[in-house]
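Novice: Below you'll find the structure I mean.
What follows draws every value from the coordinates through simple rules; no lab data is involved. Keep in mind the model is a prediction, meaning the values are calculated, not measured. FYI the Cβ positions are ideal-geometry reconstructions off the backbone, even for glycines, and counts take in every protein chain you see.
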Amino acid sequence: MPTSRELMLAGELYPDGDPELVELRKACGRMLDRFNAAPADADAERNAILRELLAGIGEGSWIMPRFQCDYGVHVTIGANSFLNYDAILLDCAPITIGDDCSIGPRVQLLTALHPMDDHQARRARWESAAPIVIGDNVWFGGGVIVCPGVTIGRNTVVGAGSVVVRDLPDHVFAAGNPARVIRSLPVEEPRPAAAD
C-alpha cells in the first residue's frame, strides 16, 4: 500500500495529518527558522541552508527572507533566479522554477488542492496536489498567486496581484484575476556564441 507521501506526490488524495508528513514539515520549518533568522549579511549561511533544504538551486540564485515552504525537497530553482521577500511555496507537489526568473515580493506558488464535492474528506483534512512549472526568464510582479497544476511559459511576465489559474504560453504579458493574456511579448533573439 502506498504511503501518504507517495500518494501526495502522485496527485492522489492523502491525509495531510499523516505523522511522516507532519515530521517532514516540522523538519523543514526548523531549517526555515534558521534561514529566516540569519543576519542580513550571512549570505553564505543562508545559501548553505537552501542547498540542504531544496531539491536543487542553481548557481547565482538567491531567496530573500522571509521564505516559507512545506517540505523544501520538492522545490527546484534554476540558475540566476531571484525570489523576493515573503515568498510562499506550498510544495506538496513539485515546484520547478527555471533559470533567470524574477519572483516579486509576497508571491505564492500553491500546489495543494482540497476536495470540493466531498465535504467529509475535506473535514477529515484530506487533500491532493498538482505540480507548478515556471519556465526560464519569467517575471512575476508582487503578490502573484499561482494555483495548482499551472505551467507558465518562457519569457512570460505576470502583472502584480494576478491570480493564475490556468497555463500561460511563452512570450506573453498576463494580468488579472483570473489572469488572462493581455498581449504578446517579443520573442527573444538567440544569444550570440562566445568568441573563441
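Novice: Using only the alpha-carbon atoms, how far is helix 43-53 inclined from the longest principal axis of the chain? Give it as 0 to 90 degrees, nearest 10.
Specialist: Roughly 50 degrees between the two axes.
Novice: Treating only the Cβ atoms of Lys and Arg (+1) and Asp and Glu (-1) as charged, compute the dipole magnitude of region 4-182 about its Cα centre; round to the nearest 20 debye.
Specialist: Dipole about the Cα centre, nearest 20: 440 debye.
Novice: Given Cβ point charges of +1 (Lys, Arg) and -1 (Asp, Glu) and nothing else, what value in debye, to the nearest 20, does the dipole of region 1-86 about its Cα centre take?
Specialist: 140
Novice: Related question: List Met8, Met116, Met31, Met1 from most exposed to least, where exposure is judged by having the fewest other Cβ atoms within 10 Å.
Specialist: Details: Met8 26, Met116 8, Met31 16, Met1 4.
Lowest count first: Met1, Met116, Met31, Met8.
Novice: List Asp41, Asp136, Asp118 from most exposed to least, where exposure is judged by having the fewest other Cβ atoms within 10 Å.
Specialist: Asp41, Asp118, Asp136
Novice: Now for a separate question. Does anyone have the angle between helix 19-37 and the longest principal axis of the chain? Alpha-carbon axes, 0 to 90°, nearest 10?
Specialist: It is inclined by approximately 40 degrees.
Novice: Beyond 31 Å, what share of the Cα-Cα pairs of region 4-182 remains, rounded to the nearest whole percent?
Specialist: 15
Novice: From zero outward in steps of 5 Å, how is the percent of C-alpha pairs of region 67-159 spread across the bins?
Specialist: Answer for region 67-159: a P(r) of 3, 15, 23, 26, 16, 8, 6, 4, 1 percent.
Novice: So how do Val150, Val165 line up by other beta-carbon neighbours within 10 Å, fewest first?
Specialist: Least to most surrounded, the residues fall as Val165, Val150.
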